[in-house]
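The values are calculated or read from the model by the stated rules, or taken from the named source; none is laboratory data. What you see is a predicted model; the values in this text were computed from it and never measured. Cβ: placed from backbone, ideal geometry, glycine included. Neighbour counts: every protein chain shown. For the accessible areas, the whole protein counts, side chains as well, though only heavy atoms, and no ligand, DNA or RNA atoms are used. Shrake-Rupley method; radii C 1.70, N 1.55, O 1.52, S 1.80 Å.
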Amino acid sequence: MATDQNHTPATAVRHLVVFAITLTSLLLYLDRNCIAFLTRFIEEDLQLTDSQMAWVLGGFFWTYAIAQVPCGWLTDRLGGRVTMTWFVLLWSLFTALTGLTGGLVPLFLLRLGFGLAQAGAYPTSAAMIGKWMPLSSRGIANSVVAFGGRVGGAVASVLTAYLLMLLVPTWRGVMLIYGAAGLFVAALFWWVARNRPDEHSGCNAAEIARIEAGARRTDPYGKARTFPWREVLASRSLWLDNIAEFGTNVGWVFLVTWLPRYLQEAHEVPVELRGWLTGLPLVAGWFGMLGGGWLTDRLTPILGLRWGRALPMSVSRFIAMGAFLACLLPLSPWGVTAAFAVVAFATDLGIGALWAFKQDVGGRHVGSILGWGNMWGNFGAAVSPVLLNSMVGESKHWDGAFLACAGAFLIAGLAAIGIDARIPVVPEETEDAARGEDGVEE
């Protein structure tokens, strides 16, 4: 156990904070993915077409994308404790209100609001991990938090199916239950988390020293005043990251939007089994998520920061591409589920490195810069449901959708090769000039 100069054992508050962040991530995807399973029930109740529902599903990603940078900046400015608490409360409210909606227009508007409220979750998570975890453990911490999201996403299908069968008779009741769960998560997060270690009464000097070990001088605790537009727009690595995130989400979002529909239309899978087959690929993603954090933390000391981050991001996208191409073969429902499981595993294998890259280069702007990348990724997610639905059309032939997803992952993998985590977005001298002599921003 790490100790300070007085040999006082280091506390472990950072792990409790990571747990609280992970719980918000679990709820994030539970609330987000449940609507994909409920698509057919909502369409029948509200008399919507597939095309209208595609716009509803895609609408979430537009506001989710656009609000990434403002929400990330808000976290960098106000701190993660208050912003995350409000984000959870707001998206839970929109989740519950969705269960009370009566038509296409209010449903679409609620999904837009839901996207706005959820936009700050991952920028805030990344910013807090950047302050609460040492450089040597950021990859695995990022993976644990993102793992929570994948658990929520996988559980959403199965839990929603059983809630419909055993507890509530309609999709509306399911949304109300999920909305109410957010009150508990928001309260727990507020109680556990603080903006940074030196604000937490349970965190001693030895733990603070351990967290700061290996950190760059551009990993300050000071609050950011403005978003570094000039430096961000000039960063080659960030633009390559944007392309990689856009392509990744075009392909991956198939798993959380159209997979239930595909299993129903192409294979006539019954509702209970469909819940399991929809969730299983995301379960496979759990192992990729945890393994990816470990992988980037192990590769970085061996290959250096450049390839320790870029290699997991790139190779994982090529593997996902191959899995989508395998879906062109005449596979059984279990066979295509196995292929989708490889897609989920490979996608998540690169997430730890993706987040760690933002923390490596972001300095005091980690929340904003992760939001910048997430914005472009979710533009891809917003395009995906409409694009894939147009390729399937009335023919109910899915090969075009699979080819589009494979192509998107190819582009993502090629872009990720060029990402360099050694180069801060805002150089040290720029950060230092923005601070006073005591290291606090003026």
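Structure data summary
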| read-out | value |
| --- | --- |
| Lys/Arg +1, Asp/Glu -1 at C-beta; the stretch 246-384 dipole; positive extreme among 256, 310, 329 | 310 |
| With every protein chain in place, the chain: carbon and sulfur % of accessible area (1.4 Å) | 69 percent |
| Using alpha-carbon coordinates, inclination of helix 50-66 to the longest axis of the chain, degrees | 10 degrees |
| Calculated FRET efficiency for the pair residue 51/residue 168, C-beta based, R₀ 25 Å, to 0.05 | 0.35 |
| Computed accessible area, residue 77, all protein chains, 1.4 angstrom probe, square angstrom | 80 Å² |
| Surface/4 estimate of mean projected area, convex hull on alpha-carbon atoms of the stretch 147-268, nm² | 12.9 nm² |
| Residues of the chain: accessible area per residue with a 1.4 Å probe, Å² | 38 Å² |
| Two-site label geometry, residue 44 and residue 276: point separation in nm, points 7 Å out along Cα→Cβ | 2.2 nm |
| Cα-based helix-to-principal-axis angle, 121-132 vs the chain, degrees rounded to 10 | 30 degrees |
| Helix-derived mean residue ellipticity, 222 nm - over the chain, DSSP H n ≥ 4, -39500 (n - 2.57), to 500 | -25500 deg cm²/dmol |
| Stretch gain in nm, segment residue 331-residue 184, where the contour uses 0.36 nm per residue and the Cα spacing is subtracted | 48.7 nm |
| Shape call, the stretch 345-409: gyration tensor on alpha carbons, a/c limit 1.5 | prolate |
| Nitroxide proxy distance, nm - points 7 Å out along Cα→Cβ at residue 109 and residue 287 | 4.7 nm |
| Relative frequency of Cα-Cα separations exceeding 24 Å in the stretch 1-115, percent | 41 percent |
| Gaussian network model of the chain, Cα within-10 Å springs - most flexible of 231, 245, 212 | 231 |
| Ratio of the Cα radius of gyration of the stretch 229-379 to 2.2 N^0.38 Å, where N counts its residues | 1.14 |
| Where labels lie 7 Å past Cα in the beta-carbon direction, separation of residue 294 and residue 198 in nm | 3.5 nm |
| Column: log10 I(q)/I(0), Debye, Cα scatterers of the chain, q = 0.07, 0.10, 0.12, 0.13 Å⁻¹ | -0.32, -0.66, -0.95, -1.11 |
| The chain: angle of helix 80-98 to the longest principal axis, Cα-based, in degrees nearest 10 | 10 degrees |
| Extension gain, residue 302 back to residue 16 (0.36 nm per residue minus Cα-Cα distance, nm) | 100.0 nm |
| Rel. contact order, % - alpha carbon contacts under 8 angstrom, at least six apart, the chain | 26 percent |
| Calculated from backbone phi, Karplus (6.51, -1.76, 1.60) coupling profile of the stretch 293-299 in Hz, x at Gly/Pro | x, 4, 4, 5, 5, 7, 6 |
| Three-way shape label, the stretch 297-369, alpha-carbon gyration tensor, a/c 1.5 | prolate |
